[in-house]
Amino acid sequence: MGIGKATSLEEVIEKAGGCAVVDGGFATQLESHGADINDPLWSALCLIKDPHLIKLVHMEYLEAGADVLVSSSYQATIPGFLSRGLSIEEAESLLKKSVTLAVEARDSFWDAAKASPAHGYNRALVAASIGSYGAYLADGSEYSGRYGPDVGLDKLKDFHRRRLQVLVDAGADLLAFETIPNKLEAQACMELLEEEKVQIPSWICFSSVDGEKAPSGESFKECLDIINKSDKVHAVGINCAPPHFIEDLIRKFSELTEKAIVVYPNSGEVWDGRAKRWLPSKCSDDNKFECFATRWRNSGAKLIGGCCRTTPSTIQAISKALKEWP
């Protein structure tokens, strides 16, 4: 669609023709450029070692047609950085850098794009990623929701609070809470937005391991009943679940909420921990994602992208499907 400057989530959806494109897998693309992220900090390690690669990946997704860039802060947490011997000031500076790199990439790309009257791009929004508590633990619990009896509402809010404050102050256009595995953490995120009087929009995305429920076993109705009470949360959805779950989940969410629905599944590939390699999936072909994107939009999704193991070519296929639609 490529016209004008969007200043809100709703506007970028409208300018994209009713369904906006979110970027794709970050760690996958960093590794393709030679980054070594075999570390508890995962892709956030590049904020310390290879920030130029982060900016490069953002540019690649913009060129592919992304209307929303998600920052490299998914696994970037103050406790995580402190465990590496960094100070609180250094940790907060790295969190800020995750947004700054995305904003710089977006502004540079947009300045070049708008110089060409025939360009087909929108000015992207920058979403500051806030990974779940389980992502920080790096023990897979973002896919189980089992945090243990000592992790209550207040602990989750305390864990997320300062990171949220820093990311908002860094100049993000919106907040993206990602791979939330249970109702309790969704409630913590929602209450934090209210307590901190956050003025930018946000989305909350759950993971799902069965295509039916949250990883905790709670129904999505239970989870969305909480989120529907907040006008701070503008969109809800699913990330990092297999593509074959998505269409039914969009329909389920459409019955449970009036908020915009955002989906960015993984490639469908499965990690073989014993062989330490990805097993191929029948869902992971970019041409299939082009077909999926059309079906997901028709089912009610307003924002569509990719998560782990998707690439700029995946996002280009999604963008092509969505933006060629009359």
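Residue by residue, the range 116-131 carries 3J(HN,Hα) couplings of 10, x, 8, 5, x, 10, 9, 6, 6, 9, 9, 9, 7, 6, 10, x Hz when phi is fed to the Karplus relation 6.51 cos²θ - 1.76 cosθ + 1.60 (θ = phi - 60°); x denotes Gly or Pro.
Charges were assigned to the Cβ only: +1 to each Lys and Arg, -1 to each Asp and Glu. The resulting dipole of the chain about its Cα centre is roughly 360 debye. Using every pair of separate Cα atoms, the Kirkwood estimate puts the hydrodynamic radius of the range 1-93 at 14.7 angstrom. Taken over the chain, the alpha-carbon convex hull comes to 124 cubic angstrom per residue. Judged by the mean number of other Cβ atoms found within 10 Å, the most tightly packed of the peptides 31-39, 254-262, 91-99 leads the ranking 91-99, 254-262, 31-39. Of the listed residues Asp154, Asp210, the order by accessible area with a 1.4 Å probe, largest first, is Asp154, Asp210. Farthest toward the positive end of the dipole of the chain, out of Gly131, Ala214, Val12, is the Cα of Val12, where the dipole comes from beta carbon charges about the Cα centre.
Between Ser313 and Glu222, the contour length at 0.36 nm per residue exceeds the Cα-Cα span by 29.2 nm. Per residue, the accessible area of the range 29-112 comes to 39 Å² when a 1.4 Å probe rolls over the protein heavy atoms. Only one residue of Val263, Leu30, Ser313 has its Cα farthest out toward the positive end of the dipole of the chain, where Lys and Arg carry +1 and Asp and Glu -1 on Cβ, and that residue is Ser313. The label-point distance for Asp169 and Leu86, in a model that sets each label 7 Å from Cα toward Cβ, rounds to 1.6 nm. Hydrophobic long helices, here whole DSSP H runs in the chain with Kyte-Doolittle means of at least 0.0 and Cα atoms spread over 27 Å or more along the helix axis, are not found.
By the rule of a C-alpha distance below 18 Å, with chain neighbours fewer than 8 residues away ignored, the aspartates and glutamates paired with Lys320 are Glu14, Asp23, Glu60, Glu63, Asp67, Asp285, Asp286, Glu290. Counting only Cβ charges, +1 for Lys and Arg and -1 for Asp and Glu, the dipole size of the range 99-202 around its Cα centre is about 180 debye.
The values are calculated or read from the model by the stated rules, or taken from the named source; none is laboratory data. Quick caveat, the model's predicted, so the values are computed rather than measured. Don't worry about glycine lacking a Cβ; one is built from the backbone with ideal geometry, like all the others, and counts go over all protein chains shown. Heavy atoms of the whole protein, side chains included, go into the accessibility calculation; ligands, DNA and RNA do not. Shrake-Rupley method; radii C 1.70, N 1.55, O 1.52, S 1.80 Å.
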